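The structure appears below as structure tokens.
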Amino acid sequence: MRKDVRVMVVEDDREIRDLLRRILSDDASIRFIKAYPNGETFLKDFTGVEADVVVMDINMPGVNGIDCVARAKPLNPQVQFIISTVFENPNYIFQALCAGATGYLLKSLSAQELVPAIHEVVQGGSPMSPAIARLVVSSFQGQARASISDQQLTAKEREIVDGLAAGLMYKEIAEKGGISIGTVRVHIRNIYEKLQVSSRHDAVKKVYPGA
């Protein structure tokens, strides 16, 4: 079994690239292979270079980090990709994970934390900075709430919530749905009870957590 981990870096910022090179080269448990300034040069070399882990920036000119991972991962599924970025954005996180990244770390991570994260990913883990982990958990919780709401509401009730979300008045919702205002009020009372809310705003937020 290999005692050192072979690592490559893809980072367009020269200072950060040089810093990562020094951190990784100075650690006896790491075999630093090469650093690339952009995704294009990395992809040209990737199939011919043996590596265990690639530390990948997201925001690069040309081929961005997410596309780079998506193109490289199928060529060698054994290589683990760790995204290194300044972005605390749920969309970026999930795009990166779907593309094939195994870890997602903020660039503010210290040298003492980066090397253990690299070893963690090789050992089967998925290292994430605490702030990123919180975003992932919050997003999953929001999806779970939306899923529960979907199951609780009938099709007509969901239609009425959509009307509320669009800012329609009760009369407009009634006309659109071909029902009376009284029936709309009954549906809304049932919706509030099912969702355990007491206002239009709270009902919409419960069904659409990102709204």
- Query: Which angle from 0 to 90°, rounded to the nearest 10, does the C-alpha axis of helix 155-165 make with the longest principal axis of the chain?
  - Reply: 80
- Item | Selection from Q78, V9, G100 lying farthest towards where the dipole of segment 5-134 points positive, charges on Cβ | Q78
- Task: Measure of size requested: the Rg and Dmax of the chain, with Cα atoms as the atom set and Å as the unit; please supply both.
- Result: 24.0, 75
- Item | Net lengthening on full extension, R189/V86 (0.36 nm per residue, minus Cα-Cα) | 32.6 nm
- Query: K156: which aspartates and glutamates have alpha carbons under 19 Å from its alpha carbon, excluding same-chain residues fewer than 8 sequence positions away?
  - Reply: E172, E175, E193, D202
- Task: With +1 on each Lys and Arg Cβ and -1 on each Asp and Glu Cβ, and nothing else charged, work out how big the dipole of the chain is about its Cα centre, in Debye to the nearest 20.
- Result: 620
- Expected 222 nm ellipticity per residue - DSSP helices of 4 or more, -39500 (n - 2.57), all of the chain, to 500: -16500 deg cm²/dmol
- Taking only Cα atoms, what is the 0 to 90° angle, nearest 10, from helix 111-122's long axis to the longest principal axis of the chain? 80
- Query: In terms of Cα to Cα distance under 18 Å, which aspartates and glutamates are near enough to K73, apart from those fewer than 8 places away along the same chain?
  - Reply: E11, E40, D45, E50, D52, D57
- Query: About its Cα centre, how strong a charge dipole does segment 153-207 have in debye, to the nearest 20, once Lys and Arg get +1 and Asp and Glu get -1 at the Cβ?
  - Reply: 100
- Task: Can you pull the one-decimal nm distance between simple spin-label points at A111 and E50, each 7 Å off the Cα toward Cβ?
- Result: 2.8
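Bear in mind that the values in this text are calculations on the coordinates, not laboratory data. Quantities reported herein were computed from a predicted structural model and do not represent experimental measurements. When we count neighbours, we look across all protein chains shown, and the Cβ atoms used for this are built from the backbone with ideal geometry, even at glycine.
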